[in-house]
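K.L.:
This is the structure I have questions about; it appears just below.
The values are calculated or read from the model by the stated rules, or taken from the named source; none is laboratory data. None of the values given here were measured: they were computed from a predicted structure. Every residue, glycine among them, receives a Cβ derived from its backbone with ideal geometry; neighbour counts consider all protein chains shown.
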Amino acid sequence: MSTELQQLSRAFEALQADLLDADGPRISTTPNYRFAIVPYHPSLEFELRDAVFHTSRRLTEAGWHVHTVDLQHLFFARLEREFGEKGIERIIGKEQFHFENGRGLSTLQEYIYPIIEGADGLAGDVIDGIRAAAEAHPDKASRMVVFIGRCGALYPFFRTSALLKHLDGAASRSGTPRVPVILLYPGTRHAGNALSFMDESAADSDYRPRIYPERLHA
């Protein structure tokens, strides 16, 4: 078993134990801040999904409701709402036209950033989904967890650290339950809490949540 796969296995073992603690979820040392991150190597996407599946089944058997968020699905749905099929085709055409002069990525950014960034962007869609799940399962208020995945599909247009800040802000204002939220992060963990998105971006240390596993090595 590779080191990266061992780390992933240890992360979910520790996460499951903390969620099912007899005194309630303890994924954070701060009572009102229920966020955690599980980094994994981007090449282990299918192993990650398998780990989420088995953990979700264990939590469900223990009486929990598990809500999963697919950021790729939310992203494509938002593109469809904003631009429609023909509009998306035009954007792709412009990206291809500017590819040769090196402006392909910046062309996409001009269209994509305005509709996914900020509290009313993808973060707003995630918040709406969490609220709807909580309202649909009021009896699970103290036994609900949210897994946010497929972040890699948004590279390099989206900052996961900003997403967590918007989620925390929404919960602080009211209307969004403070349920445990687990961000499944494709990338590499460096010293401390520094994370490199998709193993490509510069390491970002702007993260408050507990990162699993807490120790990088066995």
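K.L.:
Name every residue in the stretch 13-54 that is farther than 21 Å from residue 178 by Cα, of a type in the set (Phe, Trp, Tyr) and surrounded by 14 or more Cβ atoms within 10 Å (Cβ to Cβ), in order of residue number.
P.N.:
The one that is farther than 21 Å from residue 178 by Cα, of a type in the set (Phe, Trp, Tyr) and surrounded by 14 or more Cβ atoms within 10 Å (Cβ to Cβ): 40.
K.L.:
Let me ask something additional. Considering only the stretch 130-179, state which residues are part of a loop (DSSP other than H, G, I, E, B) and either more than 19 Å from residue 199 (Cβ to Cβ) or at pLDDT 90 or above (or both).
P.N.:
Once the filter is applied, which keeps residues that are part of a loop (DSSP other than H, G, I, E, B) and either more than 19 Å from residue 199 (Cβ to Cβ) or at pLDDT 90 or above (or both), the stretch 130-179 yields 137, 141, 142, 143, 150, 174, 175, 176, 177, 178, 179.
K.L.:
Can you spot a residue in the stretch 192-201 that is surrounded by fewer than 16 Cβ atoms within 10 Å (Cβ to Cβ), polar (S, T, N, Q) and in contact with a Gly (Cβ under 8 Å, 6 or more places away or on another chain)?
P.N.:
Yes, the stretch 192-201 has at least one match.
K.L.:
Select, from 39, 25, the only residue that is part of a strand (DSSP E or B), touching a Lys or Arg at 6+ places or on another chain (Cβ under 7 Å), closer than 27 Å to residue 159 by Cβ and in contact (Cβ under 8 Å) with a residue 24 or more places away in the chain.
P.N.:
The unique qualifying residue is 39.
K.L.:
Go through (1) outside any loop (DSSP other than H, G, I, E, B); (2) under 26 Å from residue 153 (Cβ atoms) for residue 18 and report which single condition fails.
P.N.:
(2)
K.L.:
Please enumerate the residues belonging to the stretch 180-200 that are modelled with pLDDT under 90 and either touching a Leu at 6+ places or on another chain (Cβ under 8 Å) or assigned to a loop (DSSP other than H, G, I, E, B) (or both).
P.N.:
188, 189, 190, 191, 192, 193, 194, 198, 199, 200
Here is a yes/no grid of residues against (1) modelled with pLDDT of 90 or more; (2) more than 25 Å from residue 172 (Cα to Cα):
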position: 5; (1), (2): yes, yes
position: 16; (1), (2): yes, yes
position: 23; (1), (2): no, no
position: 54; (1), (2): yes, yes
position: 58; (1), (2): yes, yes
position: 84; (1), (2): no, yes
position: 111; (1), (2): no, yes
